[in-house]
Amino acid sequence: MTTAPSPGDIARDLETRHPHWAVLWRHWARRYWAFPLWITTDPEPIEANQIQELLSLMKEVELQHRPPGAYPYPPIRRGDRPPAT
């Protein structure tokens, strides 16, 4: 018989699968917290009761504030740079 993973284990797994985030299970609040590691000012950490809600909020933040090395890469604009001298 297998047991369901604990919320703490789930938070560690999410953190492994999303390396630009620190994910915690707040036992006393019974909520997940996620901190974007590449942003130093905004947004604030996000929190959710359910994993799917947390993942949705994480994706929203990533779309607004693209993490370093995120895919897809921004389009290359050929005319934006001055020519090399």
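Take region 39-54 and flag every residue that is exposed (fewer than 14 other Cβ atoms within 10 Å of the Cβ) and either part of a helix (DSSP H, G or I) or touching a residue at least 40 places away in the same chain (Cβ under 8 Å) (or both).
Result: Gln52, single match.
If you scan region 16-38, which residues turn out to be aliphatic (A, V, I, L, M) and either more than 12 Å from Met58 (Cβ to Cβ) or in a strand (DSSP E or B) (or both)? Outline the logic, then answer.
At the first step, the residues of region 16-38 found to be aliphatic (A, V, I, L, M) are 22-24, 29, 34, 37.
Residues satisfying the conditions are Ala22, Val23, Leu24, Ala29, Ala34.
Answer with yes or no whether Pro36 is at pLDDT below 90, in contact with a strand residue (DSSP E or B) (Cβ under 8 Å, 6 or more places away or on another chain) and surrounded by 12 or more Cβ atoms within 10 Å (Cβ to Cβ). So that I can check it myself, show each step before the final result.
On the way: at pLDDT below 90: no; in contact with a strand residue (DSSP E or B) (Cβ under 8 Å, 6 or more places away or on another chain): yes; surrounded by 12 or more Cβ atoms within 10 Å (Cβ to Cβ): yes.
No; evaluated as a whole, the condition is false for this residue.
The values are calculated or read from the model by the stated rules, or taken from the named source; none is laboratory data. Since this is a predicted model, take the numbers as computed values, not measurements. As a convention, Cβ positions derive from the backbone with ideal geometry for all residues, glycine included, and neighbour counts pool all protein chains shown.
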